[in-house]
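The values are calculated or read from the model by the stated rules, or taken from the named source; none is laboratory data. As the structure is a computational prediction, the values presented were derived from the model and not from experiment. Cβ placement follows ideal geometry from the backbone for every residue including glycine, while neighbour counts extend to all protein chains displayed. Note: areas computed on protein heavy atoms with side chains; ligands, DNA, RNA excluded. Shrake-Rupley method; radii C 1.70, N 1.55, O 1.52, S 1.80 Å.
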Amino acid sequence: MRCPKEPTIELAPSQLTEGLDAHCCPSCSGQWLPKFNYQRWQAMNAGLEAIPDEVLPLTLETDYSAVPLDSRAGLCPECGTYLKRARLNLQKSSFYVERCPICEGFWCDRGEWDVLEALGLHIQIPIVFNLDWQARVRVLEQAERQRAAVIEKLGPALADQVFDLGESLAGHPHGDFAVAYLMRKFDK
Ligand SMILES: [Zn+2]
Ligand SMILES: [Zn+2]
């Protein structure tokens with residue numbers, strides 16, 4: 001098997017984590033996870049780790065930034081098909097996890113597995129390729145970015161008051177009156 005990103009390099013057998021046999025590139029340290037190895041490991045770990053309902057990579061405290069090879073199109077080491085990519089946005093960067101649409105094995109560039117593990121997504125990598133999951137995450141990301149912008153513009157203290165007020169109004173049957181009042185104040 002050859003490295004998806006560096007077709008002249010032969011992958012070597014490796015163990016990504018206990019019970020999960022993979023194939024590692026000795027040059028770029030990327031890891032290929034064959035479908036059956038991954039599923040076997042996943043089954044072994046099912047129930048041991050809670051699968052988070054909502055995972056927002058954007059909120060992860062990390063300095064990780066994608067390796068340059070991450071953006072290069074990759075070929076499946078098992079069948080040669082172009083790998084499909086799923087994008088994960090972090091605070092300062094983003095990266096792609098890749099999967100063969102035929103063999104359903106995964107490719108993690110160097111460091112990506114650790115980020116997935118920090119997010120609790122390593123136990124359920126297929127979900128990041130799910131379009132519904134991706135759409136949910138994009139909505140959460142938008143809200144999170146809006147929140148960050150409010151804090152940046154108003155400062156944390158006033159931003160907190162705004163968030164508290166927002167919560168109170170959202171839970172009040174006539175909260176929309178307060179919103180209309182505020183809108184009028186700015187309607188000049
Ligand atoms: Zn490589
Ligand atoms: Zn394949």
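Filtering GLU141, GLU78 for residues that are within 16 Å of ligand 1 (Cβ to nearest atom) and either part of a loop (DSSP other than H, G, I, E, B) or farther than 17 Å from HIS23 by Cα (or both) leaves a single hit, GLU78. Within segment 173-188, if we keep just the residues that are of a type in the set (D, E, K, R) and in a helix (DSSP H, G or I), the residue that is least open to solvent (accessible area, probe 1.4 Å) turns out to be ASP176. Selection within segment 81-98: residues that are in a strand (DSSP E or B) and farther than 16 Å from VAL137 by Cβ. The member of this set that is most open to solvent (accessible area, probe 1.4 Å) is TYR82.
Among all residues of segment 44-58, there is none that is of a type outside the set (D, E, K, R), open to solvent by 90 Å² or more (accessible area, probe 1.4 Å) and closer than 15 Å to VAL115 by Cβ. The C-beta contact set for segment 99-120 (first residue free of Cβ contacts under 8 Å to residues at least 60 places away in the same chain and assigned to a loop (DSSP other than H, G, I, E, B), second residue among the aliphatic types (A, V, I, L, M) and open to solvent by 60 Å² or more (accessible area, probe 1.4 Å), distance under 9 angstrom, 6+ apart or interchain) comprises CYS100/LEU75.
Taking the residues in segment 119-172 that are of a type in the set (Lys, Arg) and under 30 Å from TRP41 (Cβ atoms) as candidates, determine which candidate is most open to solvent (accessible area, probe 1.4 Å).
Let us first name the residues in segment 119-172 that are of a type in the set (Lys, Arg), namely 136, 138, 145, 147, 153.
Pick out the ones that are also under 30 Å from TRP41 (Cβ atoms) and you get 136, 138.
On the way: ARG136: 105, ARG138: 86 Å².
The extreme case among them is ARG136.
Candidates in segment 1-36 are the residues that are open to solvent by 30 Å² or more (accessible area, probe 1.4 Å), touching a residue at least 60 places away in the same chain (Cβ under 8 Å) and outside any strand (DSSP E or B); of these, the one that is farthest from ligand 2 (Cβ to nearest atom) is SER29.
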